[in-house]
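Below: one structure, written as structure tokens.
The values are calculated or read from the model by the stated rules, or taken from the named source; none is laboratory data. Note that the structure is predicted; figures quoted are calculated from it, not measured. With ideal geometry, Cβ positions are generated from the backbone for all residues, glycine too; neighbour counts draw on all protein chains shown. The area values use the complete protein model at the heavy-atom level, side chains included, leaving out ligands, DNA and RNA. Shrake-Rupley method; radii C 1.70, N 1.55, O 1.52, S 1.80 Å.
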Amino acid sequence: MIFKLAWRNTWRNRRRTYITMASIVFAVLLAILLNSVKEGILFRMQENVVSVYTGAIQVHKKGYWEEQTLDNTMAHDSTVMNALLAHTSVQEVVGRLESFMLAASGTYTKASMVVGIEPEKEHLVTSLDKKVISGTYIHKDDEGVMISEGLAEYLKLAVGDTLVLIGQGYRGVSAAGKYPIKALVRFASPELNRRMVYLPLRQAQYLFGAEDRMTALVLDIDNINDTDRVERGLQQAVDARYEVLGWKTLMPGLHQVIEGERAENVIFLFVLYLLIAFGIFGTVLMMTLERQYEFGVLMAIGMKRLRLSSVVVLENIMISTLGALLGTILSIPVVGYFYKFPIQITGELRETYEKFGFEPTFYFSIEPWIFYSQAIVVLCIALVLSVFPVFKIGRLEPVRAMRD
Amino acid sequence: MEGHKDRVIRTEGLFKVYDDGAVSLKAVNDVSLSIEKGEFTALVGPSGSGKTTLLNLIGGLDTPTAGKVWVHEKDISGLKKNQLIDFRLYNIGFVFQAYNLVPVLTARENIEFVMLLQKVGKEERNRRVDQLLGEIGLQDKAGKRPAELSGGQQQRVAVARALASKPQFVLADEPTANLDSKTAENLLDMMAKLNMDEGMTFLFSTHDQRVIDRAKRVITLVDGSIVSDVTREKTTIEA
């Protein structure tokens, strides 16, 4: 009966119900679109940056991240490899050995990051093969290297030229070598673009005198949004000699940027929902005040305050849920379309985006939470606003209500 | 007093004073009365004489400034708000001047409503609603909402609703005030029949001479006090 009463009361003033619902539909639609595009862009940004270098998760010898020296390398351990690969979310584990060295050519020298990679697997975590702009991607048995475009320009080198690397290896040994350049790679990030040198892992181990050792295991996981959960699971899967770090720890700057963007979005949505709240409150206010007499009669004939309040709260929830549901349903084809056909930025803005290393495209996300979270927010607003009629009913005196 | 098994209502030294600081008004002034089971009583008096206030006090809708109200020898003056709601639900049927049916419920659902509040089983509800619809002669209007019924039909449904909870008595505040003569007569006939056939106790507040003419007992209030209390032989049902 409570449900029936609430449902029919909802439609007592159809025009008002439609207007209230329309405001909710519009706001939910707008909120979903905003959230979708924001999350789409952030996800792509996160994926792009993470896939440039760090990968979603890395495993190191415990203490390496605090003190990144070759003395903190770890030996290849098949037990750890098997434990990592046993996790359902882990697709691949790729080894790396990296350290800073001096890159030189003729009279030019520059401090560079020298990274030993497993070429046949590295592209799974960082899409390195797609960044080759000239020459050919290295193989595991190659004796050549790939260097970033900016570094090549600085050292006046090109594909086929020879690069000299000088530095310190494992346990303080001297490390030096001459390598032919097999390819140039280009990064959007200017910092990476002027300092990267890649060579096959075995070559790097030989160069650093670190036979069978690595600084990091880089993990390819099936969903980057799952990083935190996978990170926690893996920490338990490997023993205490190792540290498991997600991209948020590996790239705190990026994490802060993303969180900042989300916070900005929350403020905008807060303003939007504040407007919805006023719209719903207007209806709640009218529905409550114009029915004081009726409430008085219902209490006179024996309806308890709690039950009467339940009817009014339910009415509120019904209008809000219907609006939120309709808004969500309407948003699905719109978001779906833009998910499939992202908005391409054109003109000067596109150039600006590209100049700063951003993709000039507005991607949309179809993460389920983007849709249902709006319905939950609207429902919460409705519940909070229900305090008003509940309060009024709680203080209602039947005689006074019927007399006034 | 313990000997009055059939006494339904008793008030003693009942006062209701409205005081807004500047003016003090005694709406009910030292009213003591008792109503027995099966009475068909009219509470009469000029406007502002305190009829509705007295009904509200007896019905537990309002609290007295002083004095007590007993229903079946139970003192209701000390009950808390929620206890009073429960008390009204199980003991009192209300009929209001403006019918006051729930606008979104059909005639049938309006009658059934109080039984739902009482948590009466579905079978019993249906049986009782059918019976009451038969008694008020509105079986064919069972599915109509109040807006689709005439004033008289709405008031009949209101009476059926008041009776649906099987109350100890029915309080009717000016039940015929908004009805034309013929409809009012029909309604009074129906209530008189219920009074005679089922022994239902009715207490009306009214200005309406037709109601007064039908009442077995007429209590006259002036300025909140009882100035006369006349009991007659029996009530009549018009042909």
Item to check | Pairs of Cα atoms farther than 20 Å apart, the range A:55-250, % | outcome: 54 percent
Item to check | Calculated SAXS-style log₁₀ I(q)/I(0) at q = 0.27 Å⁻¹ - the range A:24-64, Debye, Cα scatterers | outcome: -0.86
Checklist outcome for this item: Per-residue ellipticity at 222 nm attributable to helices in chain A (runs of n ≥ 4 DSSP H, -39500 (n - 2.57) apiece, nearest 500 deg cm²/dmol) works out to -18000 deg cm²/dmol
Checklist entry - With all protein chains present, how much of the accessible area of the range A:226-313 (probe radius 1.4 Å) comes from carbon and sulfur, to the nearest whole percent? => result 67 percent
Checklist outcome for this item: Between chains B and A, the summed loss of accessible surface on complex formation, probed at 1.4 Å and reported to the nearest 100 square angstrom, is 2300 Å²
Checklist entry - Within chain A, which complete DSSP H helices have Cα atoms spanning at least 24 Å along the helix axis and a mean Kyte-Doolittle hydropathy of -1.0 or higher? => result A:14-52, A:252-289, A:305-340, A:368-385
Item to check | In the range A:235-324, the trypsin sites (Lys or Arg not before Pro) that fall in loop regions by DSSP, at most 13 other Cβ within 10 Å | outcome: A:ARG241
Item to check | Averaged over A:288-298, number of beta-carbon atoms from partner chains that fall within 10 Å | outcome: 2
Checklist outcome for this item: As straight-line cross-link partners of A:LYS38, the qualifying aspartates and glutamates (C-alpha separation under 17 Å, not fewer than 8 residues apart within one chain) are A:GLU47, A:GLU259, A:GLU261, A:GLU264, A:GLU359, A:GLU367
Checklist entry - At what distance in nm do the modelled label points of A:TRP11 and B:MET196 sit from each other, each positioned 7 Å from its Cα along Cα→Cβ? => result 4.5 nm
Item to check | Entries in B:LYS51/B:LYS193; B:LYS122/B:LYS166; B:LYS74/B:LYS193; A:LYS4/A:LYS392; B:LYS81/B:LYS119; A:LYS304/B:LYS141 that, when Cα-Cα distance is taken, lie over 26 Å | outcome: B:LYS74/B:LYS193; A:LYS304/B:LYS141
Checklist outcome for this item: Sorted list, accessible surface of protein heavy atoms, 1.4 Å probe, largest first, for B:SER228, A:SER331 is B:SER228, A:SER331
Checklist entry - What translational D, rounded to a whole number of µm²/s, comes out for chain B from Stokes-Einstein when the hydrodynamic radius is the Kirkwood one over Cα pairs, at 37 °C and 0.692 mPa s? => result 180 µm²/s
Item to check | Shape call, the range A:1-121: gyration tensor on alpha carbons, a/c limit 1.5 | outcome: prolate
Checklist entry - In square angstrom, rounded to the nearest 10, how much accessible surface does B:THR231 have for a 1.4 Å probe? => result 100 Å²
Checklist entry - To one decimal place, what orientation-averaged projected area in nm² is obtained for the convex hull of the Cα set of the range B:78-186? => result 7.1 nm²
Next on the checklist: I need two numbers for the range A:204-352: Rg to one decimal and Dmax as a whole number, Cα atoms only, in Å.
Outcome noted: 27.7, 92
Item to check | Residues in the range A:300-324 occluded by at least 40 Å² - accessible area, probe radius 1.4 Å, against chain by itself | outcome: A:ALA300, A:ILE301, A:GLY302, A:LYS304, A:ARG305, A:ARG307
Item to check | the range A:264-358: Rg to Rh, with Rh as the Kirkwood radius over Cα pairs | outcome: 1.28
Checklist entry - How about the range A:57-106: which GluC sites (Glu not before Pro) there lie in a loop by DSSP and see at most 14 other Cβ atoms within 10 Å? => result A:GLU66, A:GLU67
Item to check | Relative contact order [Cα under 8 Å, 6+ residues apart], chain A, whole percent | outcome: 26 percent
Checklist outcome for this item: Between the alpha carbon centres of the range A:169-203 and the range A:362-404 the gap in Å comes to 60 Å
Item to check | Probe 1.4 Å, all protein chains present, accessible-area order of A:HIS139, A:HIS87, largest first | outcome: A:HIS139, A:HIS87
Item to check | Reciprocal of mean inverse Cα separation for the range B:1-127 (Kirkwood radius, Å) | outcome: 16.6 Å
Next on the checklist: Please report the accessible area of A:THR10 (heavy atoms, 1.4 Å probe, ligands and nucleic acids excluded) in Å², nearest 10.
Outcome noted: 0 Å²
Checklist entry - When chain A is modelled as a GNM with alpha-carbon springs shorter than 10 Å, which of A:THR215, A:THR107, A:THR346 fluctuates the most? => result A:THR107
Checklist entry - Once the protein assembly as shown is represented by equal point scatterers at the alpha-carbon sites, with solvent omitted, what log10 I(q)/I(0) does the Debye formula produce at q = 0.07, 0.09 Å⁻¹? => result -0.65, -0.80
Item to check | Straight-distance crosslink candidates among aspartates and glutamates, where the alpha carbon sits under 14 Å from B:LYS80 and sequence neighbours closer than 8 are dropped | outcome: A:GLU397, B:ASP62
Checklist entry - Using the Cβ atoms and a cut-off under 12 Å, what net charge is assigned to the surroundings of A:THR126, where Lys and Arg are +1 and Asp and Glu are -1? => result -2
